[in-house]
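The values are calculated or read from the model by the stated rules, or taken from the named source; none is laboratory data. Computed from a predicted structure; not experimentally measured. We place every Cβ from the backbone using ideal geometry, glycine too, and count neighbours over all the protein chains shown. For the accessible areas, the whole protein counts, side chains as well, though only heavy atoms, and no ligand, DNA or RNA atoms are used. Shrake-Rupley method; radii C 1.70, N 1.55, O 1.52, S 1.80 Å.
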Amino acid sequence: MEKIEKIFVWDADECLISMIPAFIIYVNKEYGLKLKYEDFRDFSYEKVTRIPEEEMMKIERKFYETTLYDEIKPKEGAVEVVEHLSNDFCMPVVTGRSKCDEKHLIRTLDKLFRPHHFEEILHLGKNDSRGLIMPKWVKCKEIGARLIVDDNTSTVIHAAEKGIHAILMEAPWNRNVIDLPKEVYKAKTPYQVLDIIYEKEKIIWPT
């Protein structure tokens, strides 16, 4: 990827698109659960649903092939915010989804956003188990990104420890997090992401 002066990365799920609400409808119907969005107070699907990891990964793969997945919506304001930011920034997507799920995410982003919005879509998730093949901060360093927008508290803290600014997108699993590094900012909506980026632009990308 050609390096330009101002690069930052987006996480996809729950930052650009609202996947979990659709996933909740699916698992509730198919597996007799009664989950609500606010029940996801842990980043791990397995802990929330009490379904073992191997089985949960199979469930997710099935979900990606359903009409419910095709009906996933963008986060409110995400399309407009990304359109605006694409004029001034290079914005690859760096996701913890595995490479084998690539076609599903590409299909979703192509449907909801304009093709020129995202420089690349980079999948860092392992194919056969949870976890990343490399930390997201490593990929940020590799492509010259100075900022990451993510909903995973550990991801943004590790990024900050490596000198990368971060915006933590609020979700039930991170809502009560306090004492974040000064390089981490919190946002409830994509609109707040937009405001933070322009407010902190000279700090994140000093001239």
- Relative to the Cα centre, what is the charge dipole magnitude of the chain, using +1 at the beta carbon of each Lys and Arg, -1 at the beta carbon of each Asp and Glu, and rounding to the nearest 20 debye? 240 debye
- Just the number, please: carbon plus sulfur as a percent of the accessible area of the chain, 1.4 Å probe, no ligands or DNA/RNA counted. 50 percent
- Item | Listed residues THR108, THR66, THR153, most fluctuating in the chain (Gaussian network, C-alpha, under 10 Å) | THR66
- Message: Quick check on the chain: of the DSSP beta bridges with both residues there, what percent are antiparallel, nearest 5%?
- Response: 15 percent
- Beyond 21 Å between alpha-carbons counts as too far, so tell me which of LYS34/LYS186; LYS75/LYS162; LYS47/LYS126 fall in that bin. LYS34/LYS186; LYS75/LYS162
- Message: Based on Cα coordinates alone, diagonalise the gyration tensor for the chain, multiply each eigenvalue by 5, take square roots, and list the semi-axes in whole Å, largest first.
- Response: 28, 18, 16
- Under a 1.4 Å probe, what is the accessible area of the chain per residue, stated in Å²? 51 Å²
